[in-house]
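Heads up: the structure comes next, in structure tokens.
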Amino acid sequence: MARIAVGGLMHESNTFATSRTDLTAFESGGLEIGDGIFQRWGEAHHEVGGFFESAAKNGFEIVPTLMGWATPSGPLTSATYRELTDRLLQALQEAGPVDAVLLALHGAMVADGEDDADGSLLAKVRSLIGPSRPLIVTLDFHANVSPLMVSESSALIAYQTYPHVDQRARGKRAGDLAWQAATGLIRPTQAMSKPPILIHLLAQETGREPMKGLIAGLEGLERSQGFLDASILAGFPYADVAATGPTCIAVTDNNLALASEMAEHLSASLWNYRHQLTATPPDAAEAVARGLATSQTPVILVDLGDNIGGGSAADSTVLIHELLKQGATRSLVVLFDPDAVLACQHAGVGGSVALSAGGKIDRNAPPLRVTGFVEVLHDGHYVEKLPRHGGIRNNDQGATAVVRLEGENRLVLTSLRHPPFSLGQLTSLGLTPESARFIVVKAAVAYKAAYAPIAGTIIEVDTPGLTASNPARYTYQRIRRPILPLDPEPIVEAVV
Ligand SMILES: [Zn+2]
């Protein structure tokens, strides 16, 4: 029976954030060795769950090593990166002889002093397992793929949905390829191509054109002799590293020329749609005014500048200030504010509180000074059983309080930065999001798997913050140039 080592290290690092990600962020997000990996991820709609599913189907033995995951935020400290890399390599070494290695990476991890943290990790794994052993790696749709990541792995298999609801399926696909490679049935060979563009986060949504059609076009490749897999990755624009931006990858059975041709073809397709891969959402004042004018509720206001899944502060008060200013009622706004939660715990359920909430990390609007009464106190744990972006089943938003303000507006105050990928974040508190007039989601696209089914109207808002949606707002220094929309056309190297 083939033995395949399984592990991973997943982080999406926003290099514009001043915060740093340390070991405690992984310990609270998920850091397991051995059988603990199955316990956390085995049943989840996550690629690691897909690895186990593939093992059960194909009959290979999984040797679990180390798996770490942390909420997107600023880069890892160099000590954290070194520690986690060492632990993973040690666990792989202790796994003994294996026929292949399966790793789950995000692909947009950055550490202090290491812009290409995923590529450098793969190089270390490669040197440990030798040049010929299959190393199959899953990536997030937002990976910023470097040449090193391609050269040091046998196959990179990325999610092809945003919101990410195919994580388990892509993990299973990677597991199937690892098993076929481990048993000598195939020899995965890959190539990549990167068009010189940055794709606006809203235009990355795979339910929207042109991304929808571009992803659907991958099916046309499947008929080619020797084709194994292909991915279009949208890239993570909030990282100032050379590899930032989209990537096209093709994996074939020992046919590099075919893989290169396919990757170039996909890259040319993206380039051809470059003028549609952008968006111009309204600002906060206009968005709230539009929301007040519609009868299709709840109105979901998408706080693009404070997209927690993109590594933002999670405490921006720009939209709640605007809602109260324009007299909105029945709004539901989640803010990360551990101190405000403590004040609510002190007051107790039914107690009244005078708060200065949010606006402490994100300074684009001041803290919200309000009085209200504490409706709910909760430990913040809830379970999501459906396929949702991120694939997390056992969720923890930290100690949480619901505060009712005037006009039936409500603040949900959390002690951990927690992205809005599951309605469980609200329903576990006894709230009914369907009956709200406004819901602010601090996200860009990922929230949709959970919220689109209950949304009356969705308004994406061009708010300021660490994840403000227009890449032209950022000062990039290390990204490869020229690149759209930072540089004017024509871009000579783009003739693909
Ligand atoms: Zn992603």
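Estimated at 0.36 nm per residue, the fully extended path between Met1 and Leu185 surpasses their Cα-Cα distance by 64.8 nm.
Protein chains only, probe 1.4 Å: how do His45, His265 rank by accessible area, largest first?
Details: His45 60, His265 105 Å².
Ranking His45, His265 by accessible area, largest first, yields His265, His45.
Computed over the Cα atoms of segment 197-337, the ratio of the radius of gyration to the Kirkwood radius (Rg/Rh) comes to 1.11. Ligands, DNA and RNA aside, Asp112 has an accessible area near 60 Å² when probed at 1.4 Å.
Calculate the length of the line joining the C-alpha centroid of segment 225-287 to that of segment 1-40, in whole Å. Measuring centre to centre over Cα atoms gives 25 Å.
A simple spin-label model places the labels of Thr432 and Ser78 5.6 nm from each other, with each point 7 Å out along Cα-to-Cβ.
Computed over the alpha carbons of segment 284-468, Rg followed by Dmax gives 14.7, 39 Å.
Considering every pair of different Cα atoms, what Kirkwood radius, in Å, is found for segment 3-272? Kindly include the intermediate steps, with their values, before the conclusion.
Values: mean 1/r = 0.0550 Å⁻¹.
About 18.2 Å for segment 3-272.
For the chain, would you read off the P(r) tail past 36 Å as a percentage of all alpha carbon pairs?
The share of Cα pairs beyond 36 Å in the chain comes to 29 percent.
Under the simplified labelling scheme, the Arg473-Ala289 pair shows an inter-label distance of 1.9 nm, with each label point 7 Å from Cα along Cα→Cβ.
Dividing the summed helix terms, -39500 (n - 2.57) for each DSSP H run of n ≥ 4, by the number of residues in the chain produces a 222 nm estimate of -8000 deg cm²/dmol to the nearest 500.
Please compute the per residue accessible area over the chain with all protein chains in place, 1.4 Å probe, rounded to a whole number of Å². Don't skip to the end; give the middle numbers.
Working: 18200 Å² over 496 residues.
With all protein chains present, the chain gives 37 Å² per residue.
Antiparallel beta bridges, as assigned by DSSP with both residues in the chain, represent about 45 percent of the total such bridges. Rounded to a whole number, what % of the accessible area of the chain do carbon and sulfur atoms account for, probe 1.4 Å? Using a 1.4 Å probe with all protein chains present, the chain comes out at 51 percent carbon and sulfur. Using 0.36 nm per residue and subtracting the Cα-Cα separation, the extra length available between Thr371 and Gln93 on full extension is 94.4 nm. Surface calculation, 1.4 Å probe, protein heavy atoms: His381 sits at approximately 100 Å² accessible.
Pairs Lys212/Lys325; Lys124/Lys442; Lys385/Lys442; Lys194/Lys442; Lys360/Lys448; Lys124/Lys385: which are spaced more than 32 Å apart, C-alpha to C-alpha?
With Cα atoms farther than 32 Å apart: Lys212/Lys325; Lys124/Lys442; Lys124/Lys385.
Shown here are the Rg and Dmax of the Cα trace of segment 316-398, at 14.7, 38 Å.
Test of the criteria: in segment 228-284, which chymotrypsin sites (Phe, Trp or Tyr not before Pro) are in a DSSP loop and have at most 15 other Cβ atoms within 10 angstrom of their Cβ? If you can, show how the numbers build up before the last one.
Working: sites: Tyr238, Trp271, Tyr273; in loops: Tyr238, Tyr273.
Passing both the DSSP loop test and the Cβ count: no residue.
So what does Thr206 come to for accessible area, using a 1.4 Å probe and Å² rounded to 10? Only protein atoms counted, so the area is about 30 Å².
The values are calculated or read from the model by the stated rules, or taken from the named source; none is laboratory data. Worth saying up front: this structure is predicted, and the values here are computed from it rather than measured. Please note: Cβ atoms are built from the backbone with ideal geometry, for glycine as well, and neighbour counts cover all protein chains shown. The protein model used for the area step is the full one, side chains on, heavy atoms only, and it has no ligands, DNA or RNA in it. Shrake-Rupley method; radii C 1.70, N 1.55, O 1.52, S 1.80 Å.
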